[in-house]
Amino acid sequence: MTLDVTEHDTAGAAAGGPGTDGDPREVGAALDLVRGTMLDLLSGSPHPPSALRVHAGGVTIEAEWPSAATSGAAPVAAVAAPAVPAGDPAPPTQAAPATAADVPAGVRVASPAVGVLYLSPAPGEPPFVEEGDTVAEGRQVAIVEVMKLMIPVRTETAGRVVRVLKEDAAPVEFDEPLFVIDPAG
């Protein structure tokens, strides 16, 4: 098994920079530097790494993601549903996830990580794209938040957005389809 590992040492912070003496402000500055470096590395990567290690001063952050080929589903414990009295209406059920037959043909834009999908740059702002919009290759179409890191979701092809498959603020899995693009547009 081969791991795609990205490692980065922030040179200026390693030699007496932020986070070296335990001062909370300096540790906070080191964490901000590490967070920014991780965002830069993740957003600039053509494909998501399986591991990332960043060093800044006395702070090291390591992150690993299981590869799609080796990750197995964890067993799920059965949970009893609460009893509903006979006179009460049935509790609402969640809609079934879209099947391959429900998704139109086209190029799928997938989630780069497990996290929360945001379709707008900020709350209350219009979405990055809507169904029917024409997009260029590399255009940002959403954000996936992973532990307060905002990872941009970009298209790999130009075309027309045929379908937005997830709602704003929805939880998403790694490599889960989020959009469908028609390259013929």
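Quick note: the coordinates plus some simple rules give every number you see, no bench work behind them. Not measured: the values here are computed from a predicted model. As a convention, Cβ positions derive from the backbone with ideal geometry for all residues, glycine included, and neighbour counts pool all protein chains shown.
Please go through region 111-184 and write out the GluC sites (Glu not before Pro) that DSSP classes as loop and that have at most 15 other C-beta atoms within 10 Å. List each step's numbers first, then the result.
Numbers: sites: GLU130, GLU131, GLU137, GLU145, GLU156, GLU167, GLU173; in loops: GLU130, GLU131, GLU137, GLU156, GLU167, GLU173.
Loop-located and lightly packed - GLU130, GLU131, GLU137, GLU156, GLU167, GLU173.
Apply 1/(1 + (r/R0)^6) to the Cβ-Cβ distance of MET147 and ALA105, taking R0 = 35 Å, and write down the FRET efficiency to the nearest 0.05.
Values: r = 35 Å, r/R0 = 0.99.
The value I calculate is 0.50.
Report, in debye and to the nearest 20, how large the dipole of region 102-182 comes out about its Cα centre when Lys and Arg carry +1 and Asp and Glu carry -1 on their Cβ. Kindly include the intermediate steps, with their values, before the conclusion.
Working: 7 positive and 14 negative charges, 36 e Å.
The calculated dipole for region 102-182 is roughly 180 debye.
Can you sort ARG160, ARG25 so the residue with the fewest Cβ neighbours within 10 Å comes first?
Values: ARG160 17, ARG25 9.
Placing the least packed residue first, the sequence is ARG25, ARG160.
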